[in-house]
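Encoded as structure tokens, the structure appears first; notes follow it.
The values are calculated or read from the model by the stated rules, or taken from the named source; none is laboratory data. Remember, predicted model here, so these are calculated numbers, not experimental data. In this analysis, Cβ positions are derived from the backbone assuming ideal geometry, glycine residues included, and neighbour counts consider all displayed protein chains.
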Amino acid sequence: MPFPSSTDAPRFKGNNLKSFLEDYNISTEGAGWSDKKKCENLHSYCSSKARDFVKKLPERKRGDWPATVKRLVQFYTAGDPSERYSRDKISRFAGKDHKIKNRKQFISYHREFESILASTKSAERISDEDKNRYFWKGLPSRLRQDISMRLHQLHP
């Protein structure tokens, strides 16, 4: 892991969370750091503006790396226009009139849905329940009815 003052060190400036976390994780895991050590040293790889906030995170103080990352995502991506755009993009796709009359068309729909989902910056913040709802909403109503009836037959 490079020293915090090194030009090669990952640096969190408050607007680059995703790329910073990717770089920080690669560097710390390569150095064999535990989750606790990642938390202990995180603030050293932040700009002065972000450092004070990061130092005060209770999750970081406890040494809980997954919770620290979750908290950072909450604070630094809340209201992110890219998330709104991404959800809008998925919602628009789901709202289109999709012609699905056979298995090939269904596979094509599924592939396109997954491609849009993967291309959005906020895909990891969209719950599985929301993903499923968007997918279901995008299916033609007649197909949804047929699937529902079949599911009720299989699982009364």
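Is it the case, given these coordinates, that LYS89 is in the same structural domain as LEU117 (by TED's automatic domain parsing) and surrounded by fewer than 16 Cβ atoms within 10 Å (Cβ to Cβ)?
yes
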ARG142 vs. criteria at negative phi and modelled with pLDDT of 90 or more: yes
Number of the condition not met by THR77 [criteria: (1) more than 18 Å from the chain's Cα centre (by Cα); (2) among the β-branched types (Val, Ile, Thr); (3) closer than 30 Å to GLY138 by Cα]: (1)
Meets criteria (surrounded by fewer than 17 Cβ atoms within 10 Å (Cβ to Cβ), outside the structural domain of GLU129 (by TED's automatic domain parsing), farther than 30 Å from PRO140 by Cα and within 21 Å of the chain's Cα centre (by Cα)) for ALA9: no
Subset of the range 21-42 (residues that are free of Cβ contacts under 8 Å to residues at least 12 places away in the same chain and either crowded, with 17+ Cβ neighbours inside 10 Å or more than 20 Å from GLU59 (Cα to Cα) (or both)): ILE26, GLY32
Conditions (1) modelled with pLDDT of 90 or more; (2) over 22 Å from ASP130 (Cα atoms): number failed by PRO4: (1)
